[in-house]
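Notes for the one structure printed next.
The values are calculated or read from the model by the stated rules, or taken from the named source; none is laboratory data. Just so we're clear, the structure is a prediction, and the values are computed from it rather than from any experiment. All Cβ positions, glycine included, derive from the backbone under ideal geometry; neighbour counts span all protein chains shown.
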Amino acid sequence: MRANLGYTLLEVVVATSVMTGMFLASGTVLVNSVRTWRAAEAYTAATAAVRDASLSIAHELESASLLGNKALNPPVAGLKLAKTGDAITFQKPLALSGELWSPPIQIRIRNEDRNGNLKLDGGEDLDKNGVLDRVIELLEDRDGNGDYLGPGETRLLARGVDQLAFKLDAPRATIVLELVARFPRFPGSPDAIEHRHQLPIRIRN
């Protein structure tokens, strides 16, 4: 019978190689699991961003006036889309009688990410708040002076949206809303998870 004199060098090398392989395999599985989890997290964030934005915009637009009413004093303006398609101006009733209407309201996107890399680069922080803004805003000229700089005249509707487009289907009294949100697949990644959403909004007035 062989005496118990310990392990040979060959046995130690083989055992070390096996253990190293197991650790490497476990590390690879762990890294892939983390990346999958991060990608799922990015997809969830993108989906939530377009869902929240579409619901907020639909809530504002459903009661807007499609054609307006020039007989009222002051006259009510109809829906007006920006030439670029990424902003819309409208008015909505403030009373059931239909005689009192809001000042002109505009919904627009403000995306500071000019190069689309989802990082705040030099010259992109236009409002100097230290954040890469990709937001949808509601602007209302409450004081009637032609700008949206007064208190409470600019309100945040949604964050994390990269593209916004409005399309008017006048015969069906419908605005088709199109949104795109993008989030990094994982922190620091140049690759992004993208979610697109389209929502028809029926105009009631």
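Structure data summary
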| read-out | value |
| --- | --- |
| Some residue of segment 48-56 being touching a strand residue (DSSP E or B) at 6+ places or on another chain (Cβ under 6 Å), of a type outside the set (D, E, K, R) and free of Cβ contacts under 8 Å to residues at least 60 places away in the same chain | no |
| Considering residues of segment 136-171 that are over 19 Å from residue 110 (Cβ atoms) and part of a strand (DSSP E or B) only, the residue modelled with the highest pLDDT | 167 |
| Which listed residue, of 134, 38, 108, is crowded, with 17+ Cβ neighbours inside 10 Å and farther than 24 Å from residue 184 by Cβ | 108 |
| Criterion (modelled with pLDDT of 90 or more and either of a type in the set (Lys, Arg) or in a loop (DSSP other than H, G, I, E, B) (or both)) met by exactly one of 129, 73 | 129 |
| Count of residues meeting criterion [on the phi > 0 side of the Ramachandran plot and loosely packed, with under 14 Cβ neighbours inside 10 Å] in segment 137-162 | 3 |
| Looking only at segment 179-205, and only at residues there that are within 21 Å of residue 61 (Cα to Cα) and buried (at least 16 other Cβ atoms within 10 Å of the Cβ), the one that is modelled with the lowest pLDDT | 205 |
| Any pair with Cβ under 9 angstrom, 6 or more apart, that starts in segment 107-125 at a residue that is more than 23 Å from residue 138 (Cα to Cα) and ends at one that is at pLDDT 90 or above and of a type in the set (Val, Ile, Thr) | 120/131 |
| Selection status of residue 99, within 30 Å of residue 172 (Cα to Cα) and in contact with a strand residue (DSSP E or B) (Cβ under 7 Å, 6 or more places away or on another chain) | no |
| Candidate set from segment 79-101 (those that are surrounded by fewer than 18 Cβ atoms within 10 Å (Cβ to Cβ) and small (Gly, Ala, Ser)); member that is farthest from the chain's Cα centre (by Cα) | 97 |
| Criterion (of a type outside the set (Val, Ile, Thr), in a loop (DSSP other than H, G, I, E, B) and either modelled with pLDDT of 90 or more or in contact with an Asp or Glu (Cβ under 8 Å, 6 or more places away or on another chain) (or both)) met by exactly one of 96, 66, 120 | 120 |
